[in-house]
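J.: Sharing a structure with you now.
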Amino acid sequence: MGQRIRTRVVKDPAERKREILDGAMELFATKGYEQTSMRDIARHLNISLGLCYRYYDSKQKLFQEAMQQYVEDICAAYFTILHDETRDLTEKLDLLFHMLKEEEQQMRYHDFFHQPENIGFHEELAVKLCKYMQPHLQQELQRYAKQNHLKIQHEELLLSFLTYGQIGSHASVSSPDTQQLHQLRVYIDLLLKQECIPDDTI
């Protein structure tokens with residue numbers, strides 16, 4: 001009998017990159033970021049160390065890309081709601097806050113970012129989320145004002161609060177509870193009412 005030849009599995013580069021990101025984040029969550037090496041990641045995924053380095057030349061770059069991918073994954077669901085032209089802004093905000101309450105713990109890398117020793121990473125993630133969401137929120141805010149013949153008195157200030165003003169609540173190790181989310185939602189309504197006034201020029 002001839003020797004069985006091991007077939008090398010060739011995957012699409014995008015699929016392979018995602019596999020490495022997910023495998024790395026699993027290890028970061030169980031072993032800790034500092035305690036995990038690129039060799040550990042390769043062993044965990046049963047791939048060569050060289051293959052890991054072909055896609056990511058350092059653990060730091062791998063982690064930064066994993067964080068950015070996580071931001072985009074989270075926001076993809078938010079944007080589906082935010083850019084739904086069949087709903088008004090109030091309804092969109094209600095749905096977004098419902099998602100925060102019901103689905104946050106099911107997010108792909110939730111466990112890693114909510115470990116006490118990773119609070120610095122969690123704060124960095126919160127800032128990246130805000131930066132990524134801000135132009136989309138601005139677009140919807142402007143659409144809301146136009147549709148309702150309103151003028152936004154201090155658009156940049158309002159937009160800044162609606163995004164970065166909530167970092168303190170969302171970047172903590174424990175997720176915001178129902179009462180906190182409700183209070184944030186009330187504050188946003190008050191701000192919108194204060195800042196969006198009838199446009200007398202129309």
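The values are calculated or read from the model by the stated rules, or taken from the named source; none is laboratory data. None of the values given here were measured: they were computed from a predicted structure. No Cβ is skipped: glycine too gets one built from the backbone with ideal geometry, and neighbour counts run over all protein chains shown.
J.: Would you be able to tell me the number of residues in region 21-46 that are without any contact (Cβ under 8 Å) to a residue 12 or more places away in the chain and surrounded by 18 or more Cβ atoms within 10 Å (Cβ to Cβ)? Show your work before the answer.
T.: Within region 21-46, the first condition is being without any contact (Cβ under 8 Å) to a residue 12 or more places away in the chain, and the residues that meet it are 30-31, 34-35, 39, 42-43, 46.
If we keep only those that are surrounded by 18 or more Cβ atoms within 10 Å (Cβ to Cβ) as well, we get 42.
The total comes to 1.
J.: Would you mention how many residues in region 4-20 are modelled with pLDDT of 90 or more and either of a type in the set (K, R) or surrounded by 13 or more Cβ atoms within 10 Å (Cβ to Cβ) (or both)?
T.: 5
J.: Looking only at region 103-161, count every residue that is of a type in the set (S, T, N, Q) and within 17 Å of the chain's Cα centre (by Cα) and tell me the total. It would help to see each step written out before you state the result.
T.: Within region 103-161, the first condition is being of a type in the set (S, T, N, Q), and the residues that meet it are 105-106, 115, 118, 134, 138-139, 142, 147-148, 153, 160.
Checking the rest, the ones that are also within 17 Å of the chain's Cα centre (by Cα) come to 105-106, 115, 118, 134.
So the answer is 5.
J.: Yes or no: region 111-124 includes at least one residue that is assigned by TED's automatic domain parsing to the domain that holds F97 and not in a helix (DSSP H, G or I).
T.: First, pick out the residues of region 111-124 that are assigned by TED's automatic domain parsing to the domain that holds F97: 111-124.
Checking the rest, the ones that are also not in a helix (DSSP H, G or I) come to 114-115.
Yes, that holds for at least one residue.
J.: Within region 132-157, track down each residue that is polar (S, T, N, Q) and more than 18 Å from T90 (Cβ to Cβ). Show your work before the answer.
T.: Of region 132-157, the ones polar (S, T, N, Q) are 134, 138-139, 142, 147-148, 153.
Within region 132-157, Q134, Q153 meet the criteria.
J.: Go through region 153-179 and count every residue that is at pLDDT below 85, more than 20 Å from K131 (Cα to Cα) and part of a helix (DSSP H, G or I).
T.: The qualifying residues number 1.
J.: Does T86 fit the bill of being more than 21 Å from the chain's Cα centre (by Cα) and not in a helix (DSSP H, G or I)?
T.: Details: more than 21 Å from the chain's Cα centre (by Cα): yes; not in a helix (DSSP H, G or I): yes.
Judged against the criteria, T86 is a match.
J.: Confirm whether E117 is without any contact (Cβ under 8 Å) to a residue 24 or more places away in the chain, loosely packed, with under 13 Cβ neighbours inside 10 Å and over 20 Å from G165 (Cβ atoms). Spell out the reasoning first.
T.: Numbers: without any contact (Cβ under 8 Å) to a residue 24 or more places away in the chain: no; loosely packed, with under 13 Cβ neighbours inside 10 Å: yes; over 20 Å from G165 (Cβ atoms): yes.
In short, no.
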